[in-house]
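Visitor: Let me begin by handing over the structure; questions about it come next.
The values are calculated or read from the model by the stated rules, or taken from the named source; none is laboratory data. Since the model is a prediction, treat every value here as computed from it, not as a measurement. Note that each Cβ is placed from the backbone with ideal geometry, even for glycine, and that neighbours are counted across all protein chains shown.
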Amino acid sequence: MGTVVFIGRLALGLLLVVAGILKAHDGPAATATSIAGYRILPPAIIAPLGVALPYAEIFLGAYLALGFFTRVAAYVASGQFVLFSIAVASLVVRNIPSDCGCFGSSVPTPPSWGHVAADVALAVAAFAVARLGPGAFALDRALGTGGAAVTQREAT
């Protein structure tokens, strides 16, 4: 089971790192424009989120990929994917053809129910990683931050 969790953790982590890097490469203005396209958040939040979101995704993805504070990172990632799925669903329901901005402006992704389903699947996968523990090759194991329950469950 530890290897399966490791593969899931690594896939989720790399996905978040790549998404964050592409957003960071576009710059905060482009990220803020994508966020504004959802027409959900108040304008005062959009610019700071445009600055913070790419780096939050990079750090969150790195923590998952490395298995560092795995459970917390995976719960946060799961929540983030749930929020993304709700936001994209709102675009679909309101028939707003705005690009989701998931991978920056270099990968145009129109909103669709398939996209919502993918975000929900990623949320479930991240939640599973959080529940099952750090898995193999995790810094949590080396540093002893994975918790006794994780160590005992994975030992069986």
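Visitor: Does at least one position in segment 69-88 carry a residue that is among the polar types (S, T, N, Q) and farther than 28 Å from Thr145 by Cβ?
Guide: Yes, some residue in segment 69-88 is among the polar types (S, T, N, Q) and farther than 28 Å from Thr145 by Cβ.
Visitor: Restricting to segment 80-91, give me the number of residues that are out of contact with any strand residue (DSSP E or B) (no Cβ under 8 Å at 6 or more places or on another chain), of a type in the set (A, V, I, L, M, F, W, C) and either outside any helix (DSSP H, G or I) or crowded, with 17+ Cβ neighbours inside 10 Å (or both).
Guide: Looking only at that region, the number is 6.
Visitor: Moving to a separate point now. Just the residues that are in a helix (DSSP H, G or I) and under 24 Å from Ala126 (Cβ atoms), please, taken from segment 27-47.
Guide: If the condition is that a residue be in a helix (DSSP H, G or I) and under 24 Å from Ala126 (Cβ atoms), then Thr31, Ser34, Ile35, Ile45 are the ones that fit.
Visitor: Within segment 7-23, which residues are more than 15 Å from Leu122 (Cα to Cα) and either modelled with pLDDT under 95 or crowded, with 19+ Cβ neighbours inside 10 Å (or both)?
Guide: Matches in segment 7-23: Gly20, Leu22, Lys23.
Visitor: State which residue pairs qualify: first residue at pLDDT below 95 and inside segment 109-125, second residue in a helix (DSSP H, G or I) and surrounded by 14 or more Cβ atoms within 10 Å (Cβ to Cβ) in any location, beta carbons under 6 Å apart, and separation of 6 or more residues or different chains.
Guide: Qualifying pairs under 6 Å: Pro111/Val88; Pro111/Leu91; Pro111/Val92; His115/Val88.
Visitor: Scanning for something out of contact with any Cys (no Cβ under 6 Å at 6 or more places or on another chain), farther than 26 Å from His25 by Cα and either not hydroxyl-bearing (Ser, Thr, Tyr) or not in a helix (DSSP H, G or I) (or both), does segment 99-112 turn up at least one residue?
Guide: The answer is no, given that none of the residues of segment 99-112 is out of contact with any Cys (no Cβ under 6 Å at 6 or more places or on another chain), farther than 26 Å from His25 by Cα and either not hydroxyl-bearing (Ser, Thr, Tyr) or not in a helix (DSSP H, G or I) (or both).
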